[in-house]
Each structure stands twice: as structure tokens, then as C-alpha cells.
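This report concerns only the one structure given below.
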Amino acid sequence: MERIAIEPRADWRERAEAMGFRFHTIDGQRYWTEDACYRFSAAEIDAIEDATAELERICLLAVDRVVQEGLYTRLAIPEAAHGLIDESWRRFDRNMIGRFDLSFDGSGPPKLLEYNADTPTALFEASVVQWEWLQTLRPDDDQFNSIHEKLVEAWGKYGIAETLYFTCVRDHDEDFGTTEYLRDTALQAGLDTRFLFIDEIGWDGLGFVDADDRHIRSLFKLYPWEWLIEENFGAYIGPSRLQVIEPPWKMVLSNKAILPILWEMFEGHPNLLPASLDPRDIAGPVVAKPALGREGQGVVVHPGGLTDARPGEVYQGFAPLADFGGNRAVIGSWVIASQPAGIGIREDDDAVTKNTSRFVPHYFA
């Protein structure tokens, strides 16, 4: 694994916007960054792909244990969601997307930092934008990226006969861009789709409806389950028989309190870090994480360890990100319908990756 400084294309901005990539710059800071790229060997890509498949396997085993033993209080999942999770898991409801964030520098096994299993972003740039970069600048090399093809294939297996709605919050370019990209892949799979913002979904006493009072039977939402379940209409989701993608059982995996359960089930696994709800269980530097935090929010590295636990926090052993002259890179490894599908790399000057971190393309040779 190597970081290589390169000359950015003079027309990178025009190219990005022509693809519909409008959040290439966030809060005045460049998010898409092509003044560098990452080069991997084929063996390193194999190591990431194998680790991703293995992590998905053990995560599904962890969901099964949570459901079978009813371990919801360990994840602070509200009671209103227990039945939804149970039913969706026992129905084998299909899942679509997830992103494992991994610490990996090319030596040793990739280590799981967290699993963004419910509302992962950085998808469009990983699937389309960096592929266009590869085809333009390094057409003779390869990229770990079959995200687009796997998305189209996966939508085709849902068996959705009616309109599939897509939704996210207003005034958030990244969420809107990610949702619209996913809708485009569903269209390519032959599905009938419509988009509406989350605040446009209504309830008519019998089911959820769109702005024209048409019933919504299937919904992809880039909106966290833990928010959905707490809202006024949340109690209607079960009785309505609405098909929601991601399914309710993803609430188990999107909660960082799954990390201690994984460690308890597979202690010493080469792709896991020690994790606990009590920081005293972890020797050496400790990372404190909110169980439901996103994009690095609330994540704090404690180099000297910790002695006191705080409610709502999860503690994990510290695995430093690969550091290339102060550019610290995290591997975002995608699964589509539980299959490894590709990676996107974000880097930051800080030890914690945030929503302002830079996206940098990659290739392997």
C-alpha cells in the first residue's frame, strides 16, 4: 500500500459535476481529492476482500445471537424495535449495502473499526467517480470496484413488483446524491422508482402514502432506523407491512455496541480489536465511541487508557490508521447484498476520520 502524489486533472471539477457528483467540495474544503492516489498490490486487495467477507460472516452470526438470545438491552435498542428486528431476521429480509471501516497499512490483517450497516455514504464516489478517474488516467491498471454491477444485480433479486420509493432528509447534498445514485441503479435493474423527502411521507390510517396519496409498499431510506423508530409514525411501520431497505435487523449491526459482542464471540479474531462497554477491559490506548455516533462524531482516542465508563459509550483497542506523511487513511470496504464489492479511501490529518475527510482514488497493479 503506497500513497502517490500526482497532478490533478485540470478539468476534474467539470468531470465530477458532469457525473452528477455535486458534493465534491464540502464547506469550502475539497472532498474529492486527486492530487494523490493509493496503489495496492493484488495480494493486499485479496487480503481486504477476504477480511470483508469474513467480517460480514461473523456479523451475521452476531445478529443471529442477538435475536435468539434477545440481547437488545446490551445495545440499548428501544423495546418498540425488538419485534421489528425479530420478524425481519426470521423472514430473512434482504439487505443491500454496508461499509466496513478498516485500519490497514498493507502489513498484517485489516482490523475492523466499525460497521456502517444502516446508512453508509461515500458510495457514489467509490463506485462511479473513482472508476471514471481510473479509466481516464490508469486504464491499464485495475481497481477493487464492482459496486455498480453488484447493486444492479442485487436490486433485481428483491422481486419488487410495485413502485420502490427512495427517501432521505432535505438540504443534505451527500445524502441526496447517494440516494439518487442508488435509485439510478434500481432503475437500471428495471424497477419503477420514485423519490420523495422523508418529510413528504404521510399516513392515511391504513398505510404510508406519498404526496399524491399513493400507498408506499417498498421504501429505501437513507435515514437512521433509530430516528425512524422514535418518530410519531414509527409505531405504524410494523402494522403497515412496509418493506424497508435496509431491513430492521440492520439496527443490530449499525450500533457500535455490537463490537463487544463480536469480541465476546470471536475473541482474538485477526480482523477484530478488543472491545468492551468497560474501558478497563482493554489494555493500552483506548478509543471511546458513542454507540450511535456517525462520521467520527464523539470519537476520542485516549492514549493512556481509561478507568471510567460513560453511559452510551463503547470502548475499543486503538489501531492507528495508515499514516503517509500525516495523511491518515481509512479503508471503507463495501458489501452489496453481503458480498464484498470494492473499497473507497478517505484520509484526514487527524487520527479520527470525519465527514470532512478527503476521498482519494485507488488502483492496484
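Under 17 Å Cα to Cα from Lys354, which aspartates and glutamates show up? Leave out anything in the same chain fewer than 8 places away.
Here the aspartates and glutamates satisfying the reach criterion relative to Lys354 are Asp27, Asp101, Glu114, Glu125, Asp173, Glu174, Asp175, Glu295, Asp323.
Quick check for me: using +1 on Lys/Arg Cβ and -1 on Asp/Glu Cβ, what's the dipole size of the chain about its Cα centre, in debye to the nearest 20? Show your work: numbers first, answer last.
Details: 35 positive and 61 negative charges, 87 e Å.
The calculation lands at about 420 debye.
In terms of modelled amide H atoms, which long-range or inter-chain residues lie less than 5 Å from the amide H of Phe364?
Amide H neighbours of Phe364, under 5 Å, 5+ apart: Phe40, Asp142, Gln143, Phe144.
For the stretch 1-128, give the percent of accessible area contributed by carbon and sulfur heavy atoms, probe 1.4 Å, rounded to a whole number.
The nonpolar share, carbon plus sulfur, comes to 48 percent.
Using the per-residue mean of other Cβ atoms lying within 10 Å as a proxy for protection, in what order, highest first, do the peptides 117-124, 62-69 fall?
117-124, 62-69
In what order, largest first, do Asp141, Asp35 sit by accessible area if the probe radius is 1.4 Å?
Asp35, Asp141
Based on a Kirkwood Rh over C-alpha pairs, give the Stokes-Einstein translational diffusion coefficient of the stretch 157-283 at 25 °C and viscosity 0.890 mPa s in µm²/s. Write down the numbers at each step before the final one.
Numbers: Rh = 16.8 Å.
Approximately 146 µm²/s, per Stokes-Einstein.
I'd like to compare 73-86, 251-264: which one has the highest average count of other Cβ atoms within 10 Å, and what's the full order after that? Before the final figure, lay out each step's value.
Values: 73-86: 16.3, 251-264: 23.0.
Highest mean packing first, the order is 251-264, 73-86.
Check cross-link reach from Lys221 to the lysines: straight Cα distance under 21 Å, and skip same-chain residues fewer than eight apart.
Here the lysines satisfying the reach criterion relative to Lys221 are Lys150, Lys157, Lys250, Lys256.
Calculated from DSSP H runs of 4 or more alone, at -39500 (n - 2.57) each and per residue, what is the 222 nm mean residue ellipticity of the chain, nearest 500?
Taking each H run of at least 4 residues, the total per residue is -8000 deg cm²/dmol.
So how do 266-278, 94-106 stack up, highest first, on mean other-Cβ count within 10 Å?
94-106, 266-278
Over the stretch 244-365, what percent of the accessible surface lies on carbon and sulfur atoms, probe 1.4 Å?
Numbers: 2350 of 4420 Å².
C and S fraction of accessible area: 53 percent.
Largest first, what is the accessible-area ranking of Ile6, Ile282 with a 1.4 Å probe?
Result of the area sort, largest leading: Ile6, Ile282.
When averaged across all projection directions, what area in nm² does the alpha-carbon convex hull of the stretch 94-229 cover?
Mean projected area for the stretch 94-229: 10.7 nm², to one decimal.
Over all directions, the average projected area of the alpha-carbon convex hull for the stretch 22-134 comes to how many nm²?
Its average projected convex-hull area is 10.1 nm².
Regarding the stretch 1-60, what whole-number volume in Å³ per residue does the convex hull of its Cα atoms give?
145 Å³
Using only Cα atoms, what Kirkwood radius does the chain have, in angstroms?
So the Kirkwood estimate lands at 21.2 Å.
Taking only protein heavy atoms into account and a 1.4 Å probe, give the accessible area per residue of the stretch 143-206 in Å².
Averaged over the residues of the stretch 143-206, the accessible area is 46 Å².
Considering all alpha-carbon pairs of the stretch 240-362, what whole percent are spaced by more than 16 angstrom?
On the way: 5156 of 7503 pairs.
Of all Cα-Cα pairs in the stretch 240-362, 69 percent lie more than 16 Å apart.
Averaging over every viewing direction, what projected area does the convex hull of the Cα atoms of the stretch 234-305 cover, in nm²?
6.7 nm²
Counting heavy atoms of the protein chains only and a 1.4 Å probe, report the per residue accessible area for the stretch 1-92 as a whole number of Å².
Counting only protein heavy atoms, the per-residue value for the stretch 1-92 is 51 Å².
From the phi angles alone, apply the Karplus equation (6.51, -1.76, 1.60; θ = phi - 60°) to the stretch 228-244 and give each ³J(HN,Hα) in whole Hz, x where the residue is Gly or Pro.
4, 5, 8, 7, 4, 8, x, 5, 8, 4, x, x, 6, 6, 5, 7, 10
The values are calculated or read from the model by the stated rules, or taken from the named source; none is laboratory data. Please read these numbers as outputs of a predicted model, since none were measured by experiment. Ideal geometry is used to build each Cβ from the backbone, glycine not excepted, and the neighbour counts take in all protein chains shown. To get the accessible areas, we keep the full protein, side chains included, count just its heavy atoms, and leave off ligands, DNA and RNA. Shrake-Rupley method; radii C 1.70, N 1.55, O 1.52, S 1.80 Å.
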